[in-house]
Amino acid sequence: MGQTILLNGIVLSAMPIGDYDKRLVVLTRERGKITVFVRGARRPNSSFVAAANPFVCGELELFEGKSAYNACKISVKNYFRELAEDIGTAYYGFYFLELADYYAVENIESKDMCNLLYTSLRALTKPAFLNRLVRRICELRMLVLFGEYPNLFECVSCGKKEALTHFHAGRRGMLCAGCGALIGGIPVNASALYTLQFIATAPLEKLYSFQVSEDVLVTLERVMGEYMERYIDRKFHALELMEMSWSGP
């Protein structure tokens, strides 16, 4: 097969293939989203039993084929086992994996996306952070990475940079008090606006370093909920399961 290559990444999904194998989709720092076949991963004595699963983060030693890769070795950095301890938290984690899969591109360096996904998954494991807040931070920052985020720094109608008071998903951004009174939108107070702007621009290491009031969090949920519903053309399975669990039987 020739020489192997080393890639660093996070397993986004795993699917059984045949009697004993698995097909992985992996987000890698060096080559973006790739497909990896893991031979014998479902055999009880396989060294890949624990490694060939969603959330696993580490270094992959691979043989490169024409359209996919074959795993030789997976050195695990983090299993994110904590996510499996609570089904609600696991839903958020799987949603982040689906969101990354939605945006990831093959053969495109994805260091920033890998770092954001890893940091967001780690935030879910911290009891100090509300999963609801982690979700909205991850969503907005993912949009920033791919240039699809709303304008949060000036009125999208008149260009005014002061007194931004409303968010309008259809117009992709904020409105000033005057334009907001005419056009409408979601009311956004100064604290919520600062939070949105901070999420969009803060260094990654500070992204999950703050808490917000319930009022601000509800505003973030309304803003991101409307924006994602309007501009994301996919139904995420983890979100559907999450909503079903909230609604009950």
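General observations
Per-residue answers, yes or no, for (1) crowded, with 17+ Cβ neighbours inside 10 Å; (2) within 14 Å of residue 135 (Cα to Cα); (3) of a type in the set (Gly, Ala, Ser); (4) under 18 Å from the mean Cα position of the chain (by Cα):
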| position | (1), (2), (3), (4) |
| --- | --- |
| 197 | no, no, no, no |
| 218 | no, yes, no, no |
| 232 | no, no, no, yes |
| 241 | no, no, no, yes |
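- Residue that is nearest to residue 49 (Cα to Cα) [pool: residues in the range 80-115 that are at pLDDT 95 or above and out of contact with any helix residue (DSSP H, G or I) (no Cβ under 7 Å at 6 or more places or on another chain)]: 97
- Only one of 31, 43 that is outside the structural domain of residue 212 (by TED's automatic domain parsing), charged (D, E, K, R) and surrounded by fewer than 16 Cβ atoms within 10 Å (Cβ to Cβ): 43
For every residue, the table says whether it meets (1) more than 20 Å from the chain's Cα centre (by Cα); (2) of a type outside the set (S, T, N, Q).
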position: 11; (1), (2): no, yes
position: 20; (1), (2): yes, yes
position: 48; (1), (2): yes, yes
position: 56; (1), (2): no, yes
position: 68; (1), (2): yes, yes
position: 75; (1), (2): yes, no
position: 87; (1), (2): no, yes
position: 91; (1), (2): no, yes
position: 103; (1), (2): no, yes
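- Scanning the range 161-176 for residues that are small (Gly, Ala, Ser) and either in contact with a Lys or Arg (Cβ under 9 Å, 6 or more places away or on another chain) or part of a strand (DSSP E or B) (or both) returns 169, 170, 173.
- Residue in the range 13-22 that is at negative phi, crowded, with 17+ Cβ neighbours inside 10 Å and not in a strand (DSSP E or B) present: no
- Some residue of the range 188-197 being of a type outside the set (Phe, Trp, Tyr) and without any contact (Cβ under 8 Å) to a residue 24 or more places away in the chain: yes
- Filtered residue count, the range 50-75, keeping only those that are surrounded by 14 or more Cβ atoms within 10 Å (Cβ to Cβ) and either among the aliphatic types (A, V, I, L, M) or part of a loop (DSSP other than H, G, I, E, B) (or both): 11
- Pick from the range 175-226, criterion among the charged types (D, E, K, R) and touching a helix residue (DSSP H, G or I) at 6+ places or on another chain (Cβ under 9 Å), ranking: nearest to residue 113 (Cα to Cα): 205
- Hits in the range 160-174 (condition: farther than 22 Å from residue 212 by Cβ and in contact with a strand residue (DSSP E or B) (Cβ under 9 Å, 6 or more places away or on another chain)): 160, 161, 162, 171, 172
The values are calculated or read from the model by the stated rules, or taken from the named source; none is laboratory data. None of these values were measured; they are calculated from a predicted model. Reconstructed Cβ throughout: ideal geometry from the backbone, glycine too, with neighbour counts over all protein chains shown.
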